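Nothing in this text is a laboratory measurement; each read-out follows from the coordinates by a stated rule. Predicted model, so just to flag it, every value in this text is computed and none were measured. All Cβ positions, glycine included, derive from the backbone under ideal geometry; neighbour counts span all protein chains shown.
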Ligand code: PTJ
């Protein structure tokens, strides 16, 4: 058991969820590596929602609320970390949920759908795999015609860069959550929330109730995230902590 008083309680609990997710067949084994990379960047942003991520969550809420047909794409790591939040967000912005996996297997899709249903989701898409995202070779191209394929807005936390680009080419607006502001996904998406998915989802839900109409400049926000990380590193270095 991890005591609440442990200084790294939140981070250790996330590890535990990912570990359990692997054991239950929800998270792919390589999801451990992806999580580790995320942890490193989370450390660099101070393991809390920074202003650039807060603004991006607000922009994301507006786009999701105004979508004609929004779809939230869920993979193994996202399901293990924040299944309940995904279901609440889908309700809040009237979006469909679709399970879409990089390491696709019917068994894992079924397990992730069950987990989402245990958290209250209905009609989760993903099993049917009756359409393909154009221009993609790998299995993440397989999607639902009623879901991602026909959506105007796709929210894809922990995305891979290829699919993000392919979705954009299909004319969709893409929102992502990625702790790495340098990733291809982060740079290609219309809105990138540089935050942990466990903090980003509740934050978007909170902003769904607000009206907001400013222009969004994603690359400028990514510059802010990088500048923040650089100044934090300089601070740590000059404090002698390194
Ligand atoms: O479940 P599957 O089969 O779809 O596979 C999912 C993974 C995540 C294994 C797969 O998509 C993958 O390998 O992803 P990548 O290319 O490693 O990218 C994951 C990105 O998410 C990296 O840029 C990480 O920094 C970031 N990331 C990891 N954990 C989190 C995160 N971003 C936000 N919150 C996190 N908790």
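Between the beta carbons of residue 33 and residue 130, assuming R0 = 25 Å, the FRET efficiency works out to 0.20 to the nearest 0.05.
The translational diffusion coefficient of the chain, from Stokes-Einstein at 10 °C and 1.306 mPa s with a Kirkwood hydrodynamic radius over alpha carbon pairs, comes to 88 µm²/s. Dividing the C-alpha radius of gyration of the range 1-108 by 2.2 N^0.38 Å, with N its residue count, gives 1.19. Here the contact order of the range 54-104, divided by its residue count and restricted to Cα pairs under 8 Å and six or more residues apart, works out to 44 percent.
Show that you can apply the helix-only estimate: for the chain, add -39,500 (n - 2.57) for every DSSP H stretch of four or more residues, divide by all residues, and state [θ] at 222 nm to the nearest 500.
Helix contribution divided over all residues of the chain: -16000 deg cm²/dmol.
In this simple spin-label approximation, residue 94 and residue 169 carry label points 7 Å from Cα along the Cα→Cβ vector, and these lie 3.2 nm apart.
In the range 47-99 the Cα-Cα distances spread across 10 Å bins starting at 0 as 23, 47, 29, 0 percent of all pairs. Projected over every direction and averaged, the convex hull enclosing the alpha-carbon atoms of the range 77-166 yields 5.4 nm².
Taking the number of Cβ atoms within 10 Å of each Cβ as an exposure proxy, the fewest-first ranking of 89, 226 is 226, 89.
Modelled spin-label separation between residue 20 and residue 4, with each label point placed 7 Å from Cα along the Cα-to-Cβ direction: 1.7 nm. Against the compact-protein benchmark of 2.2 N^0.38 Å, the Cα-based radius of gyration of the range 107-242 scales to 1.24. Across the chain, the mean sequence separation of Cα contacts (distance under 8 Å, 6 or more residues apart), normalised by length, yields a relative contact order of 22 percent.
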